[in-house]
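Notes follow once the structure below has been shown.
The values are calculated or read from the model by the stated rules, or taken from the named source; none is laboratory data. Every value quoted in this text rests on a predicted model; they were computed, and no experiment measured them. A quick note on method: Cβ atoms are made from the backbone with ideal geometry, for glycine too, and the neighbour counts reach across all protein chains shown. Heavy atoms of the whole protein, side chains included, go into the accessibility calculation; ligands, DNA and RNA do not. Shrake-Rupley method; radii C 1.70, N 1.55, O 1.52, S 1.80 Å.
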Amino acid sequence: MTPNEPTTSPNRSSIKGQLTARGLLIGGIGCVILTAASVYTALKMGALPWPIVFAAIISLFFLKALGHTTLNEANVTHTIMSAGSMVAGGLAFTIPGVWILTGENNVAWWQMLIVALAGTVLGLICTAFIRRQFIEEDKLEFPIGEAAAQTLIAGDSGGKTGAKLFGSMGLAGIYCALRDWLGALPAMFLSGVNVPGVSFGIYNSPMMLAVGFLVGTGAVVAWFLGAVFANFGLIIGASSVGLWDVATGQGIVSSLGMGVMMGCGFGVIVKNILPKFPSLFKGITLSSTFGSSAGEQEVSSEASMYRCSTSKITSSATKRRSGKLSAGILAGLLAAVALVLCFALSLGPLPSIIVVLMVWVTTAMSAQSVGQTGIDPMEIFGLIVLLLVAAVSNVPEVQLFFVAGVVAVACGLAGDVMNDFKAGQVLGTSPKAQWLGQAFGGILGAFVATAVVVILVTAYGPAAFGPEGSFIAAQASVVATMISGIPCVEAFVVGLIAGFVLHWVKLPSMLIGLGIYLPFYMSFTAFLGAMAKLVYDAICKARRKKLALSDSDNAQKEQVQNETGLVVASGLLGGESIVGVIVALASVAAGL
C-alpha cells in the first residue's frame with residue numbers, strides 16, 4: 001500500500017473492523033454533542049447545516065489518535081456521530097408549531113420522545129429498502145455524502161488533494177465565520193431589490209454555490225427553471241395581468257410546489273420501488289439487503305462441486321427461513337409503530353395507517369431530493385402528510401403536529417442515512433455496518449433531541465418560540481400557519497399529477513418542484529454555482545488541449561486530466577458545514 005492509498009477494508013460485506021467498540025464510543029459522544037447543537041441551531045437560526053463533513057473529520061482525528069484505523073471505521077463512526085442531528089431537525093422543525101399556534105406548553109416529554117423514536121424506526125426500515133435503488137441503480141450524486149468521502153480520503157492521504165480540500169475548507173470556514181459570527185458580511189446580496197412577492201437576492205453561501213457545482217448543470221437548470229416559472233410567471237406575471245393578487249399567487253406556488261414534489265414521490269414508488277418490491281421483500285435480511293456475505297463465494301474447485309451444490313441447497317433453504325423471519329420482524333415493527341401512534345399518541349387507526357404508509361413515499365422523496373440537490377425539506381414532507389391526515393379525519397391540532405413530526409424525523413434520518421451510504425459506496429464500506437451505526441446514533445439522538453427541546457421550552461416558556469420570540473423556529477412556524485389547510489387545493493392536485501407524469505417520462509420533477517417551492521434566492525444561488533462549473537470545465541478543457549500539444553511531463557498532464565473541481569467544491573461545502581456546527585456549539589454553550 002502506498003502512503004497516499006486510502007486504507008479501506010477489502011471486504012465490503014464484513015462489519016469486522018468497521019463497526020468497533022471505540023467507534024461506538026467516539027460516535028456516541030459526538031452524537032450527543034451534535035444533536036444538542038442541532039436542536040439549538042434549528043430553533044434559533046431556522047436552518048440546519050449538514051454535520052456529516054464535520055463529523056467525518058472529528059471521527060478520523062480521534063480514531064487516528066487512538067492508533068491505526070481505516071477509512072471504513074471512520075466512515076461508520078461519523079455515520080453514528082451525525083445520525084442524531086437530522087432526528088433533532090425533524091423534531092425542531094415541527095413540534096414547536098404547537099406552542100406557536102396555541103401559546104401553551106401542552107406537549108408532554110414522553111409524547112415528543114415517541115414521535116422521535118417512531119420516526120427513527122420508520123426511517124431506518126425504509127432506508128434499508130431504498131438504498132440499492134438510489135445508491136447503486138440510480139447512482140444519484142448525493143453531494144454531501146460525496147464531500148464527506150472526499151474529506152476522509154484527503155485526511156488520510158494528505159498531499160495535493162489534502163491541500164486543496166482543507167485549503168478551500170479553511171477559506172470557506174473563515175468566510176462564514178466573518179458572516180455568521182462577527183456579522184462582517186451580509187447574509188444576502190441584492191436583497192434590496194424589491195420584487196413583489198419574490199424573495200429575490202443571492203444567498204451569500206459557499207455551501208449553496210458548491211451544491212450547484214456538484215449537482216450538475218442540467219439538473220440545476222431544471223431546478224432554476226421551476227423557480228423562474230413560479231416566481232416570475234405565477235406570482236409576478238399572473239398578478240400583473242390581473243389573474244390574481246400577489247398573496248394568492250404565493251399560495252398557488254407553495255401548493256403547486258408541494259404537489260409536484262409529492263407527485264414525484266409517488267412516481268418513484270410506483271415506477272422504481274413497487275416493481276422490485278417482491279425481490280426486496282424476499283431479501284429483507286440485512287445481509288441480502290446490504291450485500292452478500294463473504295462466505296457466499298463461488299467454489300471453483302472441481303473436487304468441491306458436490307459439496308458446493310449441497311451447501312447451495314442448504315443455503316437456499318436457510319435464506320428462505322431467514323427471509324420469512326426478517327419479514328415477520330419487519331411487519332411486527334411496522335405494526336408496533338402503527339399501534340403506538342394509534343393509542344399512545346391518540347391518532348386513531350386510519351391516521352396511523354396513513355402515516356406508516358406515507359413514510360414510504362416521503363422517505364423516497366427525501367432520498368431523491370438529497371441525492372440530486374443536497375437539500376432535505378423534511379418539514380415539507382411532514383406537512384404534506386399532515387394535510388392528508390387532516391383531510392380524511394378529525395384529528396385534533398396537537399396530534400396533527402405529531403404526524404408532521406414523525407414524518408419529518410423519518411425523512412431527516414433518511415437523508416442522513418443516504419448521504420452516509422453514498423460516502424460508504426465511494427470508500428467501500430459495509431452498508432450493514434453503516435445501517436447498524438445509524439440505528440445506534442438515531443435512537444440515541446432521539447433521546448438527546450427530546451431532552452434538549454424539553455429543557456428549552458421549560459426554561460424559556462412556549463412564548464419564546466415563533467417569529468417574535470427568542471427561537472424563531474421558522475419551519476415550525478410554517479407548519480403552524482399551514483395547519484388550517486392547503487392554500488390552493490386545485491394547484492396542489494395539478495402539481496401532484498404533473499410531478500407523477502414528469503417523473504414517469506424521466507424529467508427531474510423533484511428538482512422542478514423544489515424550484516417552485518423554495519425561496520428564489522436559494523435556487524438562484526445554486527444556479528450561479530452551476531454556471532461557475534460551466535466556466536471551470538471550459539477552462540480545464542482548454543488547459544488539457546494546450547498541454548496535449550506541449551512537451552509537459554505525463555504527471556502534469558494526468559493531474560490536469562483528472563481535475564474536475566470536485567475536491568475544492570467539497571471543501572467549500574464542508575467549510576460552511578463545520579463553521580455552522582461550531583457556531584451552534586458556541587451558541588448552546590452561551591445560551592444554556
**Q.** Failed item, numbered, when residue 87 is tested on (1) open to solvent by less than 10 Å² (accessible area, probe 1.4 Å); (2) among the hydrophobic types (A, V, I, L, M, F, W, C); (3) modelled with pLDDT under 90
**A.** (3)
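Just checking, which of 165, 209, 152 is in contact with a His (Cβ under 9 Å, 6 or more places away or on another chain) and either within 16 Å of residue 370 (Cα to Cα) or open to solvent by less than 20 Å² (accessible area, probe 1.4 Å) (or both)?
On the way: 165 fails: in contact with a His (Cβ under 9 Å, 6 or more places away or on another chain); 209 fails: in contact with a His (Cβ under 9 Å, 6 or more places away or on another chain).
Among 165, 209, 152, only 152 is in contact with a His (Cβ under 9 Å, 6 or more places away or on another chain) and either within 16 Å of residue 370 (Cα to Cα) or open to solvent by less than 20 Å² (accessible area, probe 1.4 Å) (or both).
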Q) Does region 345-355 contain at least one residue that is within 23 Å of residue 50 (Cα to Cα) and hydroxyl-bearing (Ser, Thr, Tyr)? A) no
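Look at residue 425 and say whether it is in a helix (DSSP H, G or I), closer than 24 Å to residue 570 by Cα and of a type outside the set (Gly, Ala, Ser).
Values: in a helix (DSSP H, G or I): yes; closer than 24 Å to residue 570 by Cα: yes; of a type outside the set (Gly, Ala, Ser): yes.
It is true that residue 425 is in a helix (DSSP H, G or I), closer than 24 Å to residue 570 by Cα and of a type outside the set (Gly, Ala, Ser).
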Q: Sort through 239, 254 and tell me the only one that's open to solvent by 10 Å² or more (accessible area, probe 1.4 Å), more than 30 Å from residue 180 (Cβ to Cβ) and either not aliphatic (A, V, I, L, M) or not in a helix (DSSP H, G or I) (or both).
A: 239
Q) Has region 38-53 got at least one residue that is touching a strand residue (DSSP E or B) at 6+ places or on another chain (Cβ under 6 Å), at pLDDT below 85 and crowded, with 24+ Cβ neighbours inside 10 Å? A) yes
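Only one of these is under 29 Å from residue 495 (Cα atoms) and either touching a strand residue (DSSP E or B) at 6+ places or on another chain (Cβ under 8 Å) or modelled with pLDDT of 90 or more (or both): 211, 221. Name it. Steps first, answer last, please.
Values: 211 fails: either touching a strand residue (DSSP E or B) at 6+ places or on another chain (Cβ under 8 Å) or modelled with pLDDT of 90 or more (or both).
Going through 211, 221 in turn, just one is under 29 Å from residue 495 (Cα atoms) and either touching a strand residue (DSSP E or B) at 6+ places or on another chain (Cβ under 8 Å) or modelled with pLDDT of 90 or more (or both): 221.
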Q: Could you please find all residues in region 440-451 being at pLDDT 95 or above, of a type in the set (A, V, I, L, M) and open to solvent by less than 20 Å² (accessible area, probe 1.4 Å)?
A: 446
Q.
Tell me the residue from 197, 145 that is out of contact with any Pro (no Cβ under 8 Å at 6 or more places or on another chain), in contact (Cβ under 8 Å) with a residue 24 or more places away in the chain and in a helix (DSSP H, G or I), please.
A. 145
Q.
Criterion first (at pLDDT 90 or above, among the small types (Gly, Ala, Ser) and open to solvent by less than 10 Å² (accessible area, probe 1.4 Å)) does residue 108 satisfy it?
A. no
Q | Number of the exception - residue 526 against (1) modelled with pLDDT of 85 or more; (2) under 22 Å from the mean Cα position of the chain (by Cα); (3) farther than 30 Å from residue 31 by Cβ | A | (3)
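Here is a list: 454, 426, 409. Which entry is over 23 Å from residue 137 (Cβ atoms) and either open to solvent by 10 Å² or more (accessible area, probe 1.4 Å) or free of Cβ contacts under 8 Å to residues at least 60 places away in the same chain (or both)?
Working: 426 fails: over 23 Å from residue 137 (Cβ atoms); 409 fails: either open to solvent by 10 Å² or more (accessible area, probe 1.4 Å) or free of Cβ contacts under 8 Å to residues at least 60 places away in the same chain (or both).
The unique qualifying residue is 454.
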Q. So which helices (runs of 4 or more DSSP H) are wholly in region 470-522 and hold at least 3 residues that are open to solvent by 50 Å² or more (accessible area, probe 1.4 Å) and farther than 21 Å from residue 370 by Cβ?
A. 489-504
Q | Residue that is most open to solvent (accessible area, probe 1.4 Å), among those in region 90-105 that are touching a helix residue (DSSP H, G or I) at 6+ places or on another chain (Cβ under 6 Å) and β-branched (Val, Ile, Thr) | A | 100
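Being open to solvent by 10 Å² or more (accessible area, probe 1.4 Å), modelled with pLDDT under 95 and within 21 Å of the chain's Cα centre (by Cα) is the requirement here; does residue 33 meet it?
Working: open to solvent by 10 Å² or more (accessible area, probe 1.4 Å): yes; modelled with pLDDT under 95: yes; within 21 Å of the chain's Cα centre (by Cα): yes.
Spelling it out, residue 33 is indeed open to solvent by 10 Å² or more (accessible area, probe 1.4 Å), modelled with pLDDT under 95 and within 21 Å of the chain's Cα centre (by Cα).
Can you go through 36, 55 and tell me which one is among the hydrophobic types (A, V, I, L, M, F, W, C) and under 26 Å from residue 465 (Cβ atoms)?
The unique qualifying residue is 36.
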